[in-house]
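Notes to accompany the following structure.
Please treat every number below as a calculation from the coordinates, not as lab data. Because the structure is a prediction, the values reported are computed rather than measured. Note that each Cβ is placed from the backbone with ideal geometry, even for glycine, and that neighbours are counted across all protein chains shown.
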Amino acid sequence: MKNSKFWIAVLVSGLVMNVVDFVGQGMIMTNMYYSKHADFFYGTTNPLWFVIADFVTIFVLAIVYDRVAASFSGGWKGGAVFGLYAGVLVNFPTWIILHLFITGFSYKYAWFSTIYGIVWTAIAAAIIGAMTSKPTDAPLNA
């Protein structure tokens, strides 16, 4: 079982990223894209599933970061770099390939989703990195 720092980081990062998604996907993209392509998106999905999905995603991201954190610098910067790599790994092929296979899935939206997903992952991992890093032996200004 992970320590309390891990679980608090998952909780905090999950809450922050749910707010980010509420604003980014729930408000901005609804007006810019989703409402114009209502036939492409389910409009009846229970919003609770989006909240749960963010927490599951954060949990998986935190587990992977925990396993590879030694490969990155500590703190939020190391977490952000990990998040950038993880975001590119997952989002670039996913959204661009969906554009190639799904009729009506626009190239513009594929790029928006790719960039949004990379930034989202970098922010989430930065929070996890900041909250789970071990303190250094000596202060930086010593």
(Q) Just to confirm the number: angle between the C-alpha axis of helix 107-132 and the first principal axis of the chain, 0 to 90 degrees, nearest 10? (A) 20
(Q) Give me the percent relative contact order of the chain, please, defined on Cα pairs under 8 angstrom at least 6 residues apart. (A) 35
**Q.** Charge-dipole axis of the chain as Lys and Arg at +1 and Asp and Glu at -1 on Cβ define it, positive-most pick from Leu84, Leu11, Met32
**A.** Leu84
Q: Quick one: order Asp21, Asp66 by neighbouring beta-carbon count within 10 Å, fewest to most.
A: Asp66, Asp21
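Tell me, what is the Rg over Rh of segment 47-105, with Rh the Kirkwood radius over Cα pairs?
With Rg and the Kirkwood Rh in hand, the quotient comes to 1.09.
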Q) For the residues Tyr109, Tyr85, what sequence is obtained by ranking on other C-beta atoms within 10 Å, fewest first? A) Tyr85, Tyr109
Q.
Output needed for the chain: three equivalent-ellipsoid semi-axes, defined as square roots of 5 times the C-alpha gyration tensor eigenvalues, in descending order, whole Å.
A. 32, 16, 12
(Q) Apply the Karplus curve 6.51 cos²θ - 1.76 cosθ + 1.60, θ = phi - 60°, to the phi angles in segment 65-81 and return the couplings in whole Hz, x for Gly and Pro. (A) 4, 4, 6, 10, 4, 5, 7, 10, 5, x, x, 5, 5, x, x, 5, 5
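Going by how many other beta carbons lie within 10 Å of each one, how would you line up Thr103, Thr132, fewest first?
Ranking Thr103, Thr132 by Cβ neighbours within 10 Å, fewest first, gives Thr103, Thr132.
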**Q.** Debye, to nearest 20: dipole size of the chain, +1 on Lys, Arg Cβ, -1 on Asp, Glu Cβ
**A.** 160
Q. So what's the angle, to the nearest 10 degrees on a 0 to 90 scale, between helix 4-21 and the longest Cα principal axis of the chain?
A. 30
